[in-house]
Amino acid sequence: MGDIAIDFAIRYQIGAARGIRSVLSAMDVQSDEFFASFGQTINDLILRHRKDLDRKRRVVSFPGAHRAPSPSKTSHPKSQPKARWVDGTPEYSFYICGLRKLFPKARFIHIVRDVPSVVRSMLNFHRIAGNRLVANEEEAYGYWLRAVSACLKAEQAYGPRVVLRLRYSELVDSPETAMRSVLKFVGEHYVTASLKPLQERINSSKVPADFKIGDPETNSALVERATQLSTEMIETPQPSEASPAAAEEMEAAFYERVRYVATVDSEYHRAKEIIARLQKEHAQQQASYHAELQRVQKEHAQQQASYHAELRMLQAERQRHERSISELTDRLRKQLWDTRRLSRLLDDAENAAARLRSSRRWKLANPGTAIQAKLFPGKMSLGYGHLEKVVAAYSQWRASRPEVANIDDEINALQFPDIPRVAPTEPENETIDPPNCDTATCAD
């Protein structure tokens with residue numbers, strides 16, 4: 001019936017939205033009258049069908065409940081039909097404002113129980129109902145905290161004439177005192193028969209004696225807030241007067257809920273439109289991203305192909321340069337070897353010319369030159385004409401090129417990784433025999 005109150009509020013707003021053009025506004029139907037009329041119809045409907053409920057209870061037992069006593073023992077005489085009905089639903093904690101609009105004369109009884117006991121009961125609710133009321137301890141603590149906070153707000157808003165706080169321990173320990181206070185609160189006389197429903201629990205969770213709570217996964221801050229509120233609520237009495245400010249807060253919260261429910265369909269469709277638009281934009285962006293990715297991949301492939309072609313060209317050019325360097329190195333080495341060979345030949349020629357000049361036969365054949373050589377030791381005597389000129393020219397050339405002395409080192413330095421480091425074959429020493437000179441004389 002809490003949801004019905006919200007639906008009626010939505011319908012009243014629709015029926016009064018256009019002033020004189022709306023039926024409710026044109027007929028000056030106020031919201032309080034609108035709610036109360038439907039609430040009276042609900043009340044009459046329930047009272048009118050009470051006999052049907054009694055009839056079914058005689059033949060059917062509710063799951064988890066005991067068969068109701070015979071109506072003849074508990075019902076009033078036909079001259080005094082029952083005029084009250086009670087609905088105990090925990091969810092009504094969140095709809096007290098709307099229920100008061102439907103039933104302006106209704107009274108609300110807030111049964112208070114310590115939070116650990118309630119949590120244990122909720123966690124074992126499946127033992128009687130077959131389905132779980134809460135999934136875990138944290139959800140149980142959260143539900144208790146929201147429901148009790150809503151009831152405490154109603155106590156503050158409407159005062160003790162509308163909301164009665166009743167401790168669960170009083171129902172267990174002092175049932176007569178508890179029932180007297182309840183009946184006085186609703187304006188009824190106390191009778192002993194009113195204690196019979198308290199003799200056995202109905203729809204009570206069968207909590208095992210060894211069942212414990214204290215799940216480490218539960219939010220400790222939530223448990224602390226619930227425990228603190230439970231202690232304060234049990235130790236302190238409810239407010240003695242109604243608070244108009246708190247009532248306005250509940251009224252505002254009710255109509256905020258009405259606004260939410262009234263717009264949930266339109267908001268849902270608007271959300272669907274937004275989702276569809278975002279999905280379309282996302283698809284367009286995805287297509288754009290894929291196209292851009294393909295373009296970048298194509299450019300990358302072209303650059304890669306260009307880089308590979310350029311790399312192959314550079315590698316070919318490098319190979320040509322290496323072959324050219326190798327060829328030049330071979331030619332240079334060959335020239336160095338030829339230079340070394342020629343240098344050694346000319347060294348041998350110089351030595352041969354020196355031996356000729358000092359030989360006995362040459363001195364006998366050239367007595368004047370021999371005498372001149374003795375008279376002028378520092379002056380080189382001319383020997384065999386052209387040979388002496390060649391030796392003199394070679395001496396000058398060799399003096400102007402001192403690197404010839406290190407030619408072997410230069411040859412060894414001209415070694416590359418792709419050229420085997422092999423010692424060059426030394427050319428055979430060559431000697432130049434002077435003309436008209438036998439070997440024995442020259443040796444001399």
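A few comments on the model shown:
- Rg and Dmax of segment 111-215, both derived from C-alpha coordinates alone, stand at 15.8, 46 Å.
- Put a dot 7 Å past the Cα of residue 211, heading toward its Cβ, do the same for residue 321, and the two dots end up 8.8 nm apart.
- The residue among 136, 116, 89 whose Cα reaches farthest toward the positive pole of the charge dipole of segment 77-172, with charges on the beta-carbon of Lys, Arg, Asp and Glu, is 89.
- The shape of segment 1-64 can be summarised by an equivalent ellipsoid whose semi-axes, obtained from the alpha carbon gyration tensor, come to 37, 13, 7 Å from longest to shortest.
- What segment 164-250 shows is 70 Å² of accessible area per residue, with the surface traced by a 1.4 Å probe over protein heavy atoms.
- Extension gain, residue 414 to residue 53, is 118.0 nm, computed as 0.36 nm per intervening residue step minus the present C-alpha separation.
- For residue 110, the residues whose modelled amide H falls within less than 5 Å of its own, excluding neighbours fewer than 5 places apart on the same chain, are 164, 165, 166.
- Applying 1/(1 + (r/R0)^6) with R0 = 41 Å to the Cβ-Cβ distance of residue 302 and residue 282 gives a FRET efficiency near 0.85.
- If R0 is taken as 35 Å, the Cβ-Cβ distance between residue 232 and residue 132 corresponds to a FRET efficiency of 0.75.
- Per-residue extension of 0.36 nm, minus the Cα-Cα distance of residue 354 and residue 243, leaves a gain of 25.7 nm for this segment.
- Residue-span extension gain [residue 406 to residue 199] - 0.36 nm each, minus C-alpha spacing: 61.8 nm
- A Förster radius of 35 Å, combined with the Cβ-Cβ distance separating residue 312 from residue 337, puts the computed FRET efficiency at roughly 0.40.
The values are calculated or read from the model by the stated rules, or taken from the named source; none is laboratory data. Given the structure is predicted, the values throughout are model-derived calculations rather than measurements. Ideal geometry is used to build each Cβ from the backbone, glycine not excepted, and the neighbour counts take in all protein chains shown. In case anyone asks, the SASA skips ligands and DNA or RNA and just uses the protein heavy atoms, side chains included. Shrake-Rupley method; radii C 1.70, N 1.55, O 1.52, S 1.80 Å.
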